[in-house]
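The values are calculated or read from the model by the stated rules, or taken from the named source; none is laboratory data. Predicted model only: the values in this text are computed from it and were never measured. FYI the Cβ positions are ideal-geometry reconstructions off the backbone, even for glycines, and counts take in every protein chain you see.
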Amino acid sequence: MENLVFLIIMIPLAAFFTGIGVYAMRRKKPMWFYSGSEVKPWQIRDIPAYNRANGWMWIGYSLGFWAAAGLSFLQVPAAGILTAIWCLGGIPLLIMVYRRIYTKYAA
């Protein structure tokens, strides 16, 4: 039962971040990093490459949640620990990766 509850949470969460990545890759305007921020088209010199990099960043972040969902079939406590580590460590990692992407493609 706890496996089912964990999967009901993890699969939509992982799909959400994967969806953000796919959305970023298909977007014509520059993708933003967080709510409330906006990247103007004149700030980025290669918008398609910037959006692809941004999309892969989000898809990469979703992989930890997919892995936790898979691990929950074996051990739910281990999957919970992986999720906690991925959330706590992943957010600063996302910030660092995004800064590199932005710096690389900034006009």
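Is it fair to say I20 is aliphatic (A, V, I, L, M) and touching a residue at least 60 places away in the same chain (Cβ under 8 Å)? Judged against the criteria, I20 is not a match. Pairs linking a residue in region 61-81 that is touching a residue at least 24 places away in the same chain (Cβ under 8 Å) to a residue that is assigned to a loop (DSSP other than H, G, I, E, B) and buried (at least 20 other Cβ atoms within 10 Å of the Cβ), with Cβ atoms under 7 Å and 6 or more positions apart or on different chains, are A79/S72. What about T103, is it assigned to a helix (DSSP H, G or I), under 27 Å from F6 (Cβ atoms) and hydroxyl-bearing (S, T, Y)? No, not satisfied.
Yes/no per residue for (1) touching a Leu at 6+ places or on another chain (Cβ under 9 Å); (2) of a type outside the set (A, V, I, L, M, F, W, C):
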{"site": "Y61", "(1), (2)": "yes, yes"}
{"site": "G90", "(1), (2)": "no, yes"}
{"site": "R100", "(1), (2)": "no, yes"}
{"site": "A106", "(1), (2)": "no, no"}
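If you go through region 23-66 and keep only what is more than 10 Å from the chain's Cα centre (by Cα), surrounded by fewer than 17 Cβ atoms within 10 Å (Cβ to Cβ) and assigned to a helix (DSSP H, G or I), you end up with Y23, R26, P41, W42, Q43, P48, A49. Summed over region 1-14, the residues that are in contact with a helix residue (DSSP H, G or I) (Cβ under 9 Å, 6 or more places away or on another chain) and surrounded by fewer than 14 Cβ atoms within 10 Å (Cβ to Cβ) give a count of 2.
Give me the residue from region 15-73 that is at pLDDT 95 or above and hydroxyl-bearing (S, T, Y) and, out of that set, farthest from L4 (Cα to Cα). Among residues in region 15-73 that are at pLDDT 95 or above and hydroxyl-bearing (S, T, Y), the one farthest from L4 (Cα to Cα) is Y50. Beta carbons closer than 7 Å, at least 6 apart along the sequence or on distinct chains, pair a first residue in region 31-57 that is in contact (Cβ under 8 Å) with a residue 60 or more places away in the chain with a second that is of a type in the set (G, A, S) for W42/A107; Q43/A106; Q43/A107; I44/A106; I44/A107; R45/A107. Going residue by residue through region 84-91, is there one that turns out to be surrounded by 13 or more Cβ atoms within 10 Å (Cβ to Cβ), in contact (Cβ under 8 Å) with a residue 40 or more places away in the chain and either on the phi < 0 side of the Ramachandran plot or assigned to a helix (DSSP H, G or I) (or both)? No, region 84-91 contains no residue that is surrounded by 13 or more Cβ atoms within 10 Å (Cβ to Cβ), in contact (Cβ under 8 Å) with a residue 40 or more places away in the chain and either on the phi < 0 side of the Ramachandran plot or assigned to a helix (DSSP H, G or I) (or both).
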